[in-house]
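The values are calculated or read from the model by the stated rules, or taken from the named source; none is laboratory data. Since the structure is predicted, the reported quantities are computational estimates derived from the model, not experimental observations. Reconstructed Cβ throughout: ideal geometry from the backbone, glycine too, with neighbour counts over all protein chains shown. In case anyone asks, the SASA skips ligands and DNA or RNA and just uses the protein heavy atoms, side chains included. Shrake-Rupley method; radii C 1.70, N 1.55, O 1.52, S 1.80 Å.
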Amino acid sequence: MTAHDTPPMATPRAAAGALFFDEHDRLLLVQPRYKDHRDLPGGYVEPGETPYQACRREVREELGIEPDIGGLLVVDWAPHPAEGDKVLFLFDGGVLSGTARRDVRLADDELAGYDFHPVEEIPGLLIGRLAARVTAALAARRLGHPLYLENGRPLAS
């Protein structure tokens, strides 16, 4: 088989983020300056980086803290009509201690703010595809094992 016979392969962009909670089980959402909607801390995986490493780096860059990041909650195959194939990873950041919350220093050029929100409000605070992914990640956290998603939804079993 020659290079010309090789079938095309997906070349998805990969991104990773974390779910952080306060002691009242409210979820941390950030307000990026370059978006008109809330988001999670995280971003794109850079060359040579794992999704977990990217998650830790993005949290450090965006929030100025280096909390422990737990296990994988979801991996979502979520092509975007304008941006192509994407594979998105969400990790469990756990509960941010009061000390960690006091140490947050927002990346001024990137984030306008952050706050903790009751998980019941998430569907109304995030864009649809992200709300579906976060809802599945919350379920995975309760179940104690990661979920595989396509477009924010677990596959039917």
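What to note about this one:
- One residue stands out in segment 8-27 among those that are open to solvent by 80 Å² or more (accessible area, probe 1.4 Å) and more than 21 Å from GLY113 (Cα to Cα): the one that is farthest from the chain's Cα centre (by Cα), namely PRO8.
- Filter result for the condition that a residue is open to solvent by less than 40 Å² (accessible area, probe 1.4 Å), in a strand (DSSP E or B) and out of contact with any Phe, Trp or Tyr (no Cβ under 9 Å at 6 or more places or on another chain), over LEU90, LEU138, LEU130, LEU149: LEU90
- Answer residue from segment 93-114, given it is among the β-branched types (Val, Ile, Thr) and open to solvent by 60 Å² or more (accessible area, probe 1.4 Å) and is farthest from ALA16 (Cα to Cα) among those: THR99
- Residue in segment 94-103 that is basic (Lys, Arg) and closer than 22 Å to TYR52 by Cβ present: no
- The condition of being hydroxyl-bearing (Ser, Thr, Tyr) and modelled with pLDDT of 95 or more holds for only one of TYR52, TYR34, that being TYR52.
- Residues considered: GLU121, GLU83. Of these, the only one that is over 24 Å from ARG57 (Cβ atoms) and out of contact with any Phe, Trp or Tyr (no Cβ under 8 Å at 6 or more places or on another chain) is GLU121.
- Boolean, ALA82 is assigned to a strand (DSSP E or B) and open to solvent by 50 Å² or more (accessible area, probe 1.4 Å): no
- Looking at VAL30, VAL74, VAL59, just one residue is more than 21 Å from ALA107 (Cβ to Cβ) and open to solvent by less than 20 Å² (accessible area, probe 1.4 Å), and that residue is VAL74.
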